[in-house]
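Take a look at the structure below.
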Amino acid sequence: MDSSLINKIQKSKEYAMEPERVTFHTLELEFKGDNDTYTVILAADGWSCSCPGFQMNGICPHIMALEKMLKPMLKRDPLPYGGNQNIVSDVKKSKRYSEEPERIRIISFTAAFRGDNKEHLITYHNGVWDNQTSAYFAQHGISTHIMTMERLLKGWVEPVKMLRPEVLED
């Protein structure tokens, strides 16, 4: 392991202590609820969830849990409670869900990452990472910013598949 990579690993540890550096633009994930697995999406126009509660109220415990877990990386106000929502039950359920991160598997996202020198665009789709704004990523298939995202989203995403050393020498 070269010293440059060691420095990037150390920097990613420091960045992970500052999750507010990240802003999710889009996010799609599977959320294992108590009754079924739902698709939750964050798009430019807001949240959606495939669960019946969201369809009825425009909010659900799945989104409420995500808003709590990802708060510093969302940069948006939480959704308001729904008119017919069982608020007490949903708040309890969302609290429990937020303590059970193994329920979540991220399918894809785009996020801005504010580095020390510039902003980076990080994308993830079905285990494939990209950081087009990083020259180091272009050469090595890894970057400080992606390593930080792996730390922040541990267990929700697949780790980056680094280029093999023999590929790096070519």
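Which of the residues spanning region 106-138 are in contact (Cβ under 8 Å) with a residue 60 or more places away in the chain and among the polar types (S, T, N, Q)?
Correct list: S108, T110.
Of the residues E30, E99, E18, which is closer than 24 Å to G155 by Cβ and in contact with a Lys or Arg (Cβ under 7 Å, 6 or more places away or on another chain)?
Working: E99 fails: in contact with a Lys or Arg (Cβ under 7 Å, 6 or more places away or on another chain); E18 fails: in contact with a Lys or Arg (Cβ under 7 Å, 6 or more places away or on another chain).
Going through E30, E99, E18 in turn, the sole match is E30.
Six or more apart or on different chains, Cβ under 8 Å: which pairs go from a residue in region 73-89 that's surrounded by 12 or more Cβ atoms within 10 Å (Cβ to Cβ) to one that's of a type in the set (A, V, I, L, M) and part of a loop (DSSP other than H, G, I, E, B)? Could you list them?
Between residues of region 73-89 that are surrounded by 12 or more Cβ atoms within 10 Å (Cβ to Cβ) and residues that are of a type in the set (A, V, I, L, M) and part of a loop (DSSP other than H, G, I, E, B), the close pairs are L79/I59; Y81/I59; G82/I59; Q85/I59.
Throughout, read-outs are computed from the coordinates displayed, never taken from laboratory work. Because the structure is a prediction, the values reported are computed rather than measured. In this analysis, Cβ positions are derived from the backbone assuming ideal geometry, glycine residues included, and neighbour counts consider all displayed protein chains.
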